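S.K.: Here it is: the structure, laid out below.
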Amino acid sequence: MNKFNLRVYGILINNNREVLLSSELRYGKSMIKFPGGGLEFGEGQKEGLKREFLEETSIEIEVGELFYVNDFLQVSAFNENEQLISFYYWVKYENSHEFETVSLNYKHETEGEKLVWRSLSELSSTDMTFPIDRVVADLLTK
């Protein structure tokens, strides 16, 4: 392993007790994950999470408390020379801005992302593609 890849994700739960997920097609691979992504050099975690949310959802969020950081070795699914360290924060937003969502089973025709609301009562670790997201899903449903 040659380098660390710092990732930051947001946990947004609406008034209907649904959590926001991201359905994505990247590098030919379909995935379900929490909204967020990689930190850029020179930015802090909260600043990076705000940028990622704005890019992925077009909404401005308020970043709250840290919820989880993985404490186990996770190699990147896209680069075997990178070790992931992922930070998950509670986030809030003003409900005045609505955005388009799709079902959990949405089939992408082109690379990109779509947003999904998933009821916390139905959320399962098996919904998630990546191991760290699975841990977080389990923690949210306890």
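S.K.: Which of ASP71, ASP133, ASP138, ASP127 comes first, and how do the rest follow, when ranked by fewest Cβ neighbours within 10 Å?
M.R.: ASP71, ASP138, ASP127, ASP133
S.K.: If every alpha-carbon in the range 65-114 counts as one equal scatterer, what log10 I(q)/I(0) does Debye give at q = 0.17, 0.20, 0.30, 0.32 1/Å?
M.R.: At q = 0.17, 0.20, 0.30, 0.32 Å⁻¹ the computed log10 ratios are -0.94, -1.01, -1.02, -1.09.
S.K.: Continuing with the same structure: What translational diffusion coefficient, in µm²/s and rounded to a whole number, does the Stokes-Einstein relation yield for the chain at 20 °C and a viscosity of 1.002 mPa s, taking the hydrodynamic radius as the Kirkwood radius over Cα pairs?
M.R.: 139 µm²/s
S.K.: I need the phi-derived Karplus couplings for the range 133-141: 6.51 cos²θ - 1.76 cosθ + 1.60, θ = phi - 60°, integer Hz, Gly and Pro marked x.
M.R.: 4, 5, 4, 5, 4, 4, 5, 6, 9
S.K.: Still on this structure, I have one more. So what's Rg/Rh here for the range 16-78, counting alpha carbon atoms and using the Kirkwood radius for Rh?
M.R.: Rg/Rh for the range 16-78 comes to 0.96.
S.K.: What nm distance separates the two modelled labels at GLU100 and PHE72, each placed 7 Å from Cα along Cα→Cβ?
M.R.: Computed distance between label sites GLU100 and PHE72 equals 3.7 nm.
S.K.: Taking the number of other C-beta atoms within 10 Å as the exposure measure, put TYR9, TYR27, TYR106 in order starting with the fewest.
M.R.: Arranged by neighbour count, lowest to highest, TYR9, TYR27, TYR106 become TYR27, TYR106, TYR9.
S.K.: Same structure again: Suppose R0 equals 22 Å; then what is the FRET efficiency for ASN16 and SER124 from their Cβ-Cβ distance, rounded to the nearest 0.05?
M.R.: Computed FRET efficiency for ASN16 and SER124 comes out at 0.80.
S.K.: Could I have the simple spin-label model distance between ASP138 and GLU111, label points 7 Å from Cα toward Cβ, reported in nm to one decimal?
M.R.: Label-label distance for ASP138 and GLU111, simple model: 3.3 nm.
S.K.: Could you tell me which GluC sites (Glu not before Pro) in the range 20-68 are loop residues by DSSP with no more than 11 other beta carbons within 10 angstrom of their beta carbon?
M.R.: GLU40, GLU60
S.K.: On to the next question. At a Cα cut-off below 21 Å, give the lysines reachable from LYS107, other chains included and same-chain residues fewer than 8 away excluded.
M.R.: Within the straight-line limit of under 21 Å, LYS107 reaches these lysines: LYS29, LYS33.
S.K.: Also, quick follow-up: With an 8 Å cut-off on Cα pairs and a minimum separation of 6 or more residues, tell me the relative contact order of the chain in percent.
M.R.: Here the relative contact order equals 31 percent.
S.K.: By count of other Cβ within 10 Å, fewest leading, how are ARG26, ARG118 ordered?
M.R.: Going from sparsest to densest Cβ surroundings: ARG26, ARG118.
No lab work stands behind these numbers, since they all come straight from the coordinates. Treat the numbers as computed from the prediction; the structure is a model and nothing was measured. Note: ideal-geometry Cβ built from the backbone for every residue, glycine included; neighbour counts use all protein chains shown.
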